[in-house]
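Q: First the structure, then my questions, so here it is.
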Amino acid sequence: MKRIFILIMALIILGSFNDRALGFKDKKFSTLKHDPFYLQKETYAYLWDDNNSHWNNNYRIIFSYNEDYQIKEIIRLNWIIAENKWLNYRKTENHYNNEGYYIGNSTYSWISPGYYWQNFVSTEITYNEENLAVENILRIWDNSVGVWKNAWKDSLLYNESNYPSFVLTKEWKNSENSWKNYSIKEVDYLLESLISMTITQIWDSNSSAWSNLYKEENEYNAELKLHLTTGYFWLTEFWSNLLQYENIFDENGNKVKQYKRDWDNNSSEWVYNQQRLYYYDTDNNLTEHLDMNWNPDKNNWTPSEMLLFYYDLIEETSIDELSADFIIYPNPAFNFVRIKNIEIGSKACIINISGVKIIVQEAFSEEVEINLSKLMPGIYFLRIENGEKSITKKIIKAH
């Protein structure tokens, strides 16, 4: 098993979330509503049958959410051709602490016959006092003895801007009952939040030293969108070209095409291998991506896999008896967002689209200013909490 980096999440999670629009005790907020937004509901994947020239069902993913619109559960079902039906395959349950931070997940495998979910893998994330994830442990279920067993552990260090700059991955060795070095990943940044280069090294137990393995270099366009990623493999004394990903964006900043190229040592040039096309609706929600492989014999692109994405629209919900003095501005924001007439003692939280609180700031006066300069451009949610009540608004961090 090769696994270089396990911090972010066990499954890729798409979609947005929001909080219930509730008023606060002893304070009326009424101009603040939660804006209409979309939650990803389902994903369908299809494989292209070149012989019969049609798409076949492959798998399906269903998302469900908690009351704070954070992803609670993801279920994957595979299409069983012989039975002509969908069958459960994997289920992941995400876990959050009382403050809303993502702290890990539990993944289960569907057992058939028997028709029940059985433990498979779990992750546990630990945060420091600054609410930065500093450790992630992945465990695998040993059904023969009915216990969880350590598998991998990531330990993270951060730079002065609180972005991950170093990841140490260790592998659990049952024979020695201890963690052993496996890999390290060093991350360099451009303009704080944009990753310019990563270098991964693997542990050589024979020489008790780290050895280069893989390097990625990123290039950005004028709008600071990731335009080109080049991967290199270490060959004893030098870095050798391995692969490239080139991203194309439309006027809305949506990625509409990605090319994958492999390095051909014989011709000493980059050769197209795959492309992925992205399609969006009028609200800029991703609705489809289409994977195509280059066919050198036919000298054209051949479809391989298609994913369709479906969403639920969460309509705007207003609050009765709201006060017109509650103001959030500017929105979109560049480096700062300000909140006027907030109740003293409330907490203002900035949350990313994965449901993770990345900024928490207490209100010591009725006006709060939140620094967004370290955040990547995109959609975030501003949630104001007071005791058990909260209210949320979508905000945009502009370029």
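None of the figures in this text is laboratory data; all of them are computed from the coordinates on show. Please read these numbers as outputs of a predicted model, since none were measured by experiment. Every residue, glycine as well, gets a Cβ built from its backbone with ideal geometry; the counts of neighbours run over all protein chains shown.
Q: Out of Asn247, Asn52, Asn218, any idea which swings most in a Gaussian network model of the chain, alpha carbons joined below 10 Å?
A: Asn52
Q: Which whole-Hz couplings ³J(HN,Hα) result when phi for each residue of region 156-162 is put into the Karplus expression 6.51 cos²θ - 1.76 cosθ + 1.60, θ = phi - 60°, listed in order with x for Gly and Pro?
A: 10, 10, 10, 7, 5, 8, 6
Q: Along the charge dipole of the chain, which of Ser390, Val147, Tyr158 sits closest to the positive end, that is, farthest toward it, with unit charges on the beta carbon of Lys, Arg, Asp and Glu (+1, +1, -1, -1)?
A: Comparing the listed Cα positions along the dipole, Val147 ranks first.
Q: Put +1 on the Cβ of each Lys and Arg and -1 on the Cβ of each Asp and Glu in the chain; which of Pro113, Pro330, Val271 then has its Cα farthest toward the positive end of the dipole?
A: Looking along the dipole axis, the top candidate is Pro113.
Q: If we count every other residue with Cβ under 14 angstrom of Asp262's Cβ, Lys/Arg +1 and Asp/Glu -1, where does the sum land?
A: Overall, the nearby charge balance is -1.
Q: If the cut-off is a Cα-Cα distance under 15 Å, which aspartates and glutamates reach Lys153, setting aside same-chain residues fewer than 8 apart in sequence?
A: Glu124, Glu135, Glu171
Q: Another one. Using the number of other C-beta atoms within 10 angstrom as an exposure proxy, rank Val147, Val368, Val360 with the fewest first.
A: Val147, Val360, Val368
Q: First check a/c for the chain, with a ≥ b ≥ c the square roots of the eigenvalues of its C-alpha gyration tensor; if it is under 1.5, answer rounded, and if not, answer prolate when a/b is larger than b/c or oblate otherwise.
A: Judged from the Cα gyration tensor, the chain comes out rounded (a/c under 1.5).
Q: What are the ³J(HN,Hα) couplings of region 238-248, residue after residue, when phi is run through the Karplus curve with 6.51, -1.76, 1.60 and θ = phi - 60°? Round to Hz, x for glycine and proline.
A: 8, 8, 10, 3, 10, 8, 9, 10, 10, 9, 10
Q: Looking at the square roots a ≥ b ≥ c of the eigenvalues of the Cα gyration tensor of region 57-184, which shape do they give, rounded for a/c under 1.5, prolate if a/b is larger than b/c, or oblate?
A: Since a/c reaches 1.5 but b/c is at least a/b, the shape of region 57-184 is classed as oblate.
Q: How would you classify region 327-397 from its alpha-carbon gyration tensor, with a ≥ b ≥ c the square roots of the eigenvalues: rounded for a/c under 1.5, else prolate if a/b is greater than b/c, otherwise oblate?
A: Oblate.
Q: Turning to a different aspect of this structure: Among all the lysines, which ones have a C-alpha under 26 Å from Lys225's C-alpha, if same-chain residues fewer than 8 places away are not counted?
A: Candidates past the 8-residue exclusion: Lys185, Lys215, Lys255, Lys257, Lys260, Lys357, Lys374, Lys393, Lys394, Lys397.
Q: Taking other Cβ within 10 Å of each residue's Cβ, how do Ile353, Ile111, Ile391, Ile71 sort, fewest first?
A: Fewest-to-most ranking of Ile353, Ile111, Ile391, Ile71: Ile111, Ile353, Ile391, Ile71.
Q: Still on this structure: Rounded to the nearest 20 Debye, what is the dipole magnitude of region 327-397 about its Cα centre when Lys and Arg each give +1 and Asp and Glu each give -1 at the C-beta?
A: 320
Q: If each residue's Cβ is checked for other Cβ atoms within 10 Å, how do Glu217, Glu288 rank with the fewest at the top?
A: Ranked by crowding around the Cβ, least crowded first: Glu288, Glu217.
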